[in-house]
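Encoded as structure tokens, the structure appears first; notes follow it.
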Amino acid sequence: MSRYDNTVLFLNASCILQSGIIAIDMIKNFIAFIKHKPGFTMGFLLSVSSLLLGIWAASLPAIKQRLGLSNQTLGFSLLLSPVGALTGVVLSSWLFSRIKVGKWLLAGPILQSLLFIEMVTVQYRILFWLVLFATGVIGFFNGVSINAVIDTIEKKYQRRIMSSCHGMYSLGGGISIGLASIFYSLHINATIQILVMVVAIIFILISMRRHLLVYQQYIHSGSSLSAPPLSILGLAFICFVSFMGEGSIADWSAIYMKESLHSTVAMAGLGYGGFSVLMAIGRFNGDALIPKIGPKKIVIAGTLIAATGFLVVIAFNFKPTAIAGFSLVGLGYACVVPILFSAAANVPGISPAIGLSSVASGGLIGFLFGPSVIGMIADKISLSAGLSFVLVLNLIASFVATRNKFLATDTNAPFVELQ
């Protein structure tokens, strides 16, 4: 055996060993998170929307065809969800000053689940638009209440669980898409899929109601869609790009797989599934990676990996490479947003509340409006051109990260710490 062969074998063995270590660390973190019942309960609540979103993403090509929507019309239709979310921004303080947060933690996800039944089975455009708007409103209320309680839990138990909870969201999307692919391969239609999922979710929510209703406080979110101060404009822009990429995959990956690559219905959702699974893996391992590598390097590398993923998707007219590309995007984005939120809360001269709300507002705009912009580009040029637009934005975000001084600090602060 040559020296070259020995070197290759050594590198392969090292990669396998390192992968095994990462997998063991992820399993340990996940087990510790599961054992922490208050945190795991909030993680499940975050996963509700992604468990529903996976089936929605897989069924979106059929919805588009059933309602006779062009790419541009679908893009404009999807704008109703962000309009609903922005309406939620205005109404959230009013709502949560009048209803105890624990009651909403139970009622909100149930309402969201019922809305998704109509979203998947809708037969009329006007009803589709109304449900999209309502889903945006309820989804924002759920996000405010769940994250507020997560913050309360972190302070009470002196342990960081925010990223693990959001890792549950990513994991839920992967599970949902996997189930959708299995159901489609068994010729089980989307209506039955969403009904089964909603019944299961509502059953679990009712069974854990005691752990939800224990939160008797009123929360005053003080939510507003604020323009970011100039000092953290760069952080807000990177968050805008990251959330736009995530939204584009949630809403357009299945359509790209179905219409551009002519995949089967069972395979169409696997792009979003791979994205969700690798994002979950990255988030459950972020605790070990951020202190070792440093937040700035991870954000730069993450946006470059995401850009590479989009390039793989559009450069090769091949289904497996498209799934691999979408998965790479999820891996790239995994730790970016937790780092951005941490940096925004520690900018000198700006209160943590203003920093977080400003960066989160940038992300909200990107996640909700981005897919609509891609739809407009897809209708005028092609869906590949729309995804190329996001690719370019990721390259710009990577450059912005290299120049951002706030990402260079707090290198030893993990975003998940469970003991």
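Of note:
- Spacing of the two label points (7 Å from each Cα toward its C-beta) at TRP94 and SER185, in nm: 4.9 nm
- Packing-based ranking, highest mean first, of 257-264, 39-46 given that Cβ atoms within 10 Å are counted: 39-46, 257-264
- Candidate lysines - alpha carbon under 28 Å from LYS64, same-chain residues fewer than 8 apart omitted: LYS258, LYS319, LYS380
- Take each peptide in 179-189, 328-338, count the other Cβ atoms within 10 Å of every residue, and average; sorted highest first, the result is 328-338, 179-189.
- Straight-distance crosslink candidates among lysines, where the alpha carbon sits under 24 Å from LYS297 and sequence neighbours closer than 8 are dropped: LYS405
- Residue-wise HN-Hα coupling along segment 97-111, computed from phi with Karplus coefficients 6.51, -1.76, 1.60 (Hz; x: Gly, Pro): 8, 10, 10, 5, 4, x, 5, 6, 4, 8, 6, x, x, 5, 4
- From phi via Karplus (6.51, -1.76, 1.60), per-residue ³J(HN,Hα) for segment 33-42 in Hz, x at Gly/Pro: 5, 4, 5, 8, 4, x, x, 5, 4, 5
- Here the simple spin-label model places points 7 Å from the Cα toward Cβ, and for VAL83 and ASP151 these points are separated by 3.0 nm.
- Put a plus charge on the Cβ of each Lys and Arg, a minus charge on the Cβ of each Asp and Glu, and nothing anywhere else: the dipole of segment 22-408 about its Cα centre is then about 780 debye.
- Straight-distance candidates among the lysines for linking to LYS100, with alpha-carbon spacing under 22 Å and chain neighbours fewer than 8 residues away dropped: LYS37, LYS155, LYS156.
- Efficiency of FRET from Cβ geometry, LYS37 and ALA200, R₀ 22 Å, rounded to 0.05: 0.65
- In this label model, PHE399 and GLN158 are separated by 4.7 nm, measuring between points 7 Å along each Cα→Cβ vector.
Values in this text are rule-based calculations from the coordinates and carry no lab data. Because the structure is predicted, anything quoted here is derived from the model rather than measured. A quick note on method: Cβ atoms are made from the backbone with ideal geometry, for glycine too, and the neighbour counts reach across all protein chains shown.
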